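Structure, as structure tokens:
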Amino acid sequence: MTRAAQGFATRAIWSGRERCAATGATIAPIYQSVTYTLPQIGAPVEFDYSRTKNPTRTFVERQLAALEDAEHACAFGSGMAAVAGAVSLLSSGDHLLATRDLYGGTHRLFTHVLPRYGITTTFVDTADIAATCAAATPRTRMLWLETPSNPRLRLCDIAALARTKPPSVLIAVDNTFASPFLQRPLALGADIVVHSTTKYICGHSDALGGAVISNDPEIAAQIAFHQNCVGAVPGPFDSYLTLRGAKTLPLRMEAHCRNAARIAEFLERRDDVAEVCYPGLPGHPQHELALRQMRAFGGVVSFRPRGGAERAHAVATSTRIFNLAVSLGGVESLICLPARMTHASLTDDERAELRITDDLLRLSVGIEEVDDLIGDLERALELSVSRGVARVG
Ligand SMILES: Cc1ncc(COP(=O)(O)O)c(C=O)c1O
């Protein structure tokens, strides 16, 4: 059976694997070797030095490509290394258009690092297709999309943007929040997919990693060249952890989505919660698009408890199961205050424009018993009022 004919769960488990020629080991070994003995000087070999290519990394690269139904993947040492890898396709004088509400680290790279290399960025509301196309200039080379966005879970229509953008503009999609199980940007017309595999793909909060994935051999060759030049590669053990974690991606995503939907509904029913951001709620402004573009709605829920910053702070520090921590996508539930944590590098004005204010909380809903998670939030919401930190309502 060809790879594309296999179902997602089969590809997650079997792609990337190669029977170990020496031992027959079923599970990909960790090739903890930097260098490789050469048969003779100048003879072509697949592996000679692990910055360029390492067998365990090759296994995970094949698996990541298969998950996005793509031909090529390059693995990086973190999601940010992958973002930097993707924008290495740009040159001095090029212009980048990017979703306005991006992950804070990506925003920081685009605003603080790229300008030093002569690359400028304009941030736009990519949910507005006309405004996005109008913001393109003759120098625009790439449109950078993050959908759903972090932390307000706004969406943009990848297929519509791919149809409308100028032909010379490449579309790159950071697919970290959805994972390849929920959203397939290349099939929707994107040229490049980027992941922080640290999140859902690895899924256990124990290995940093990133990937740049595409179907275009020229793009793939340029990314691989950058990967080798810069050397921001994952080590064999992190490659192995990512490979192992990704095998259960479909099972975990189903559980994340189920739990997150229950939590979003629970929060929406409460009078002491002013706003819930979750694309699966019928009231989400882009719910119709989410139904079209995603298989399900993901494991991240953001919300504003009534009572302002003080109450949000009290909730974030009162939960017992939801752990106060940055990151997302692991099996364990986390809570964070984006304005002070993940998005602290934005200016006050930038955060105000994106409504990432001090009363907004972000949950990464894990795969624990959902009733325990709801009980934990209920207790924290009630405790935050009884502690007298806020007038609610
Ligand atoms: C959407 C998104 N992209 C990229 C990154 C960067 O990933 P990493 O922390 O693995 O460098 C993150 C990290 O939170 C993220 O949320």
### Message
For the chain, what does the helix formula give at 222 nm: sum of -39500 (n - 2.57) over DSSP H segments with n ≥ 4, over the residue count, nearest 500 deg cm²/dmol?
### Response
-10000 deg cm²/dmol
### Summary
If unit charges are put on Cβ atoms (+1 for Lys and Arg, -1 for Asp and Glu) and the dipole of the chain is taken about its Cα centre, the option from 337, 153, 14 lying farthest towards the positive end turns out to be 14
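How large is the charge dipole for the stretch 232-378, taken about the Cα centre, if only the Cβ atoms of Lys, Arg (+1) and Asp, Glu (-1) carry charge, to the nearest 20 debye? Before the final figure, lay out each step's value.
On the way: 17 positive and 22 negative charges, 98 e Å.
Its charge dipole is roughly 460 debye.
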### Message
Going Cα to Cα from residue 247, which lysines come in below 18 Å? Please leave out same-chain ones fewer than 8 positions away.
### Response
199
### Message
Can you tell me, using C-alpha contacts under 8 Å and at least 6 residues apart, the relative contact order of the chain as a whole percent?
### Response
16 percent
### Task
Would you work out if the stretch 283-393 is rounded, prolate or oblate? Take a ≥ b ≥ c from the square roots of the eigenvalues of the alpha-carbon gyration tensor; rounded if a/c is under 1.5, else prolate when a/b is larger than b/c, oblate otherwise.
oblate
### Task
Using a Förster distance of 25 angstrom, determine the FRET efficiency expected from the C-beta separation of residue 265 and residue 331, and round it to 0.05.
0.70
### Task
Bin all alpha-carbon pair distances of the stretch 132-208 at 5 Å intervals from 0 and give each bin's fraction as a whole percent.
3, 15, 26, 22, 16, 9, 5, 3, 0
### Task
Rounded to the nearest Å, what's the spacing between the alpha carbon centres of the stretch 206-245 and the stretch 87-154? Just the number, please.
22 Å
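What Kirkwood radius, in Å to one decimal, follows from the Cα pairs of the stretch 300-349?
11.8 Å
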### Task
Give the residue from 215, 143, 26 lying farthest towards the positive end of the charge dipole for the chain; charges sit on Cβ (+1 for Lys and Arg, -1 for Asp and Glu) and the dipole is referred to the Cα centre.
26
### Task
Just subtract the alpha-carbon distance of residue 91 and residue 122 from 0.36 nm times their residue separation and send over the number in nm, one decimal.
9.6 nm
### Task
Please say if the stretch 270-334 is rounded, prolate or oblate, where rounded means a/c under 1.5 for a ≥ b ≥ c the square roots of the C-alpha gyration tensor eigenvalues, and otherwise the choice is prolate for a/b larger than b/c and oblate otherwise?
oblate
### Task
Might you report the magnitude of the Cβ-based charge dipole of the chain about its Cα centre, with Lys and Arg at +1 and Asp and Glu at -1, to the nearest 20 debye?
360 debye
### Task
Just grab the label-to-label distance for residue 134 and residue 13, each label 7 Å out from Cα along the Cβ direction, in nm (one decimal).
5.2 nm
### Query
GluC sites (Glu not before Pro), restricted to the stretch 25-113: which are DSSP loop and have at most 15 other Cβ atoms within 10 Å?
46, 71
### Query
What base-10 log of the normalised intensity I(q)/I(0) is obtained for the stretch 177-252 from the Debye formula, alpha carbons as equal point scatterers, at q = 0.13 Å⁻¹?
-0.43
### Query
Which one of 194, 316, 231 has its Cα pushed farthest toward the positive end of the charge dipole of the stretch 175-326, where Lys and Arg give +1 and Asp and Glu give -1 at the Cβ?
316
### Summary
Within the set 148, 166, 180, GNM on the chain using Cα springs under 10 Å gives the largest fluctuation to 166
### Message
Step by step: find N for the chain, compute 2.2 N^0.38 Å, then divide the Cα radius of gyration by it. What's the final number?
### Response
1.01
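Would you mind classifying the stretch 60-123 by shape? Square roots of the alpha carbon gyration tensor eigenvalues, ordered a ≥ b ≥ c; an a/c under 1.5 is rounded, otherwise it is prolate if a/b is larger than b/c and oblate if not. Spell out each step's value before the answer.
Numbers: a/c = 2.24, a/b = 1.94, b/c = 1.15.
It comes out prolate by the Cα gyration axes.
A short reminder: the numbers here are calculations on the coordinates, not readings from a lab. No experiment lies behind these values; they were computed from the predicted model shown. Please note: Cβ atoms are built from the backbone with ideal geometry, for glycine as well, and neighbour counts cover all protein chains shown.
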